[in-house]
Amino acid sequence: MDRRRSLVWLPALVLLLTVAQLAVATFVPGIERFADKAFGARLAAYPVMMLLVPALWWLVVRRRRPDADPPHVAFALIMLGFLVDTTGNSLDLYDSITWWDDSNHFVNWFFLLGGLGLVTARELRPAWAQVLLITGLGCLLALGWEIGEWYTFIRHGTELDTAYEDTLGDMTLGTCGAFLAALVVLRVSRGSSRG
């Protein structure tokens, strides 16, 4: 079996670990660290967001090129940020480590845009367009995420006083993570075109 095809377990494992933790957070009563963090909504939304790109890939790419190998590593990278976020809540890292939330915005956007870049922009030329597309997409997704956080947690919550600074910082960190992902995708693209 081809090595790339044998990696189908990787995104499946990330999805399973994420959904299992979300189910515990949603259905097991009395766990304080999960209170008021919208885990029921996350249980519905995270799997949909995690499976969106693989589903689109199957609908678009598989239809045009039936012999194309699915990019399982890219799919796992896209999903990994959701697992990191959920695990951070499960281990109470958001409340026990002051820098955890900030590092997540950088690292999770690196994972997300690394995966998206490998799926969508790997063959895009010139190089500056590839970097601009991945970084710009990361910035737009960071904005969308922050709007979702505001609507879900902040607008009627206790964090309203500090939300502006936190939002700007989170968007900046997400965009920087996306930029680093763009540089890594560019490097991977150049390496594979030489080989």
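Values as computed for the structure displayed
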{"quantity": "I134 vs. criteria under 18 Å from V53 (Cα atoms) and of a type in the set (V, I, T)", "calculated": "yes"}
{"quantity": "Residue within the stretch 149-172 that is small (G, A, S) and at pLDDT 90 or above present", "calculated": "no"}
{"quantity": "Residue list for the stretch 120-143, restricted to those being over 13 Å from L183 (Cα atoms), assigned to a helix (DSSP H, G or I) and open to solvent by 40 Å² or more (accessible area, probe 1.4 Å)", "calculated": "T120, L137, C139, L140, L141, L143"}
{"quantity": "Helices (runs of 4 or more DSSP H) wholly inside the stretch 1-101 that include at least 2 residues being farther than 30 Å from G169 by Cα and open to solvent by less than 80 Å² (accessible area, probe 1.4 Å)", "calculated": "9-27, 39-64"}
{"quantity": "Number of positions in the stretch 109-139 that are under 10 Å from G174 (Cβ atoms) and not aromatic (F, W, Y)", "calculated": "4"}
{"quantity": "Filter result (in contact with a helix residue (DSSP H, G or I) (Cβ under 9 Å, 6 or more places away or on another chain) and of a type in the set (D, E)) within the stretch 46-92", "calculated": "D69, D85, D92"}
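The values are calculated or read from the model by the stated rules, or taken from the named source; none is laboratory data. Fair warning: this is a prediction, and the values are worked out from it, not measured in the lab. Neighbour counts run over all protein chains shown; Cβ positions are idealised from the backbone, glycine included. Side chains are part of the model used for accessible areas, which takes the heavy atoms of the whole protein and leaves out ligands, DNA and RNA. Shrake-Rupley method; radii C 1.70, N 1.55, O 1.52, S 1.80 Å.
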